[in-house]
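Here the structure comes first, spelled out in structure tokens, and everything after it is commentary.
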Amino acid sequence: MLNLVVLTGAGVSAESGIPTFRGKEGLWKNFKPEELATPEAFRRNPKLVWEWYDWRRQIISKAEPNKAHKLLAQLNAVIITQNVDGLHQRAGAKKVIELHGNIWRVRCTNCGKEYENYEVPLREIPPKCKFCNGLLRPAVVWFGECLPLDALEEAERLAKSCEVFLVVGTSGVVYPAGLLPFVAKQHGAKVVEINPESTPISEIADIVIREKASVGVEKFIRTMLNL
Ligand code: OAD
């Protein structure tokens, strides 16, 4: 069996109706990351940041995994994702490494406890910790923050040891996640990119499938894996 590792970004969830960050209709066209997705922004205005996350949680709560999530789940490969929406897991993927956290988890800025919270919409903004009543934050990685070390180390180990590194729906411009295809390539993997648009990863990809995720993943499975 081929040693395959998958890296995904917001594009894999686009067909589920979840906006991507960059591009024509991307979130960063209408919102400023420095006002919504940094520790400083949260210190300045936790209510505003939480209103934005509450809005995104509402969109994600109504979304269903799409064909790409489902096909990828059937491959039984490890999926490294930058997405915080949990749709790979909902599609049945057994092993998902979340590099940027999960929007359905919260962490207390006071006692440090982290736990799941599926309340949609949130009753109280900003929400408070159920243990100590401290201010909660989304358990996601913001700009300027470190990625969870164990997740990043495992992702790097997998990139270094796989035969095929499949990249689906990421612009590849946010580091360190965006470096993983380069690490895989340097260590001898074939890099396959599925993305309707060109990215920095396209330059080093051995195969580029210029399709949306659902069509692209189906093509990949049919032509590369002969399944
Ligand atoms: P981006 O929004 O930067 O990129 C989405 C990519 O998906 C683009 O390259 C699109 O061309 C592609 N795309 C759009 N529709 C698609 C479709 N239907 N099928 C396949 N691909 C499609 O999203 P990410 O690369 O995930 O980080 O962004 C990386 C990180 O930047 C995010 O995790 C987030 C963001 O700021 C943090 O919040 C820390």
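The values are calculated or read from the model by the stated rules, or taken from the named source; none is laboratory data. If you're wondering where the values come from, they're calculated on a predicted model, not measured in any experiment. Cβ atoms come from the backbone with ideal geometry, glycine included; neighbour counts cover every protein chain shown. Note: areas computed on protein heavy atoms with side chains; ligands, DNA, RNA excluded. Shrake-Rupley method; radii C 1.70, N 1.55, O 1.52, S 1.80 Å.
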Leading residue by the ranking (most open to solvent (accessible area, probe 1.4 Å)) among those in region 7-19 that are near the ligand (Cβ under 6 Å from one of its atoms) and assigned to a loop (DSSP other than H, G, I, E, B)
GLU15
Across region 202-227, the tally of residues that are within 10 Å of the ligand (Cβ to nearest atom), out of contact with any Phe, Trp or Tyr (no Cβ under 8 Å at 6 or more places or on another chain) and hydrophobic (A, V, I, L, M, F, W, C) stands at 3
Quick one: would you say LEU152 is in contact with a helix residue (DSSP H, G or I) (Cβ under 6 Å, 6 or more places away or on another chain) and among the hydrophobic types (A, V, I, L, M, F, W, C)?
no
If you take just the helices (runs of 4 or more DSSP H) that sit entirely in region 20-95, which of them hold at least 2 residues that are in contact with a Leu (Cβ under 8 Å, 6 or more places away or on another chain) and surrounded by 15 or more Cβ atoms within 10 Å (Cβ to Cβ)?
46-62
Here is a list of conditions, (1) in contact with a His (Cβ under 7 Å, 6 or more places away or on another chain); (2) modelled with pLDDT under 95, and ASN76 meets all of them except one; can you say which number that is?
(1)
Could you go through region 50-64 and let me know if any residue there is within 9 Å of the ligand (Cβ to nearest atom), under 26 Å from GLU154 (Cβ atoms) and modelled with pLDDT of 95 or more.
no
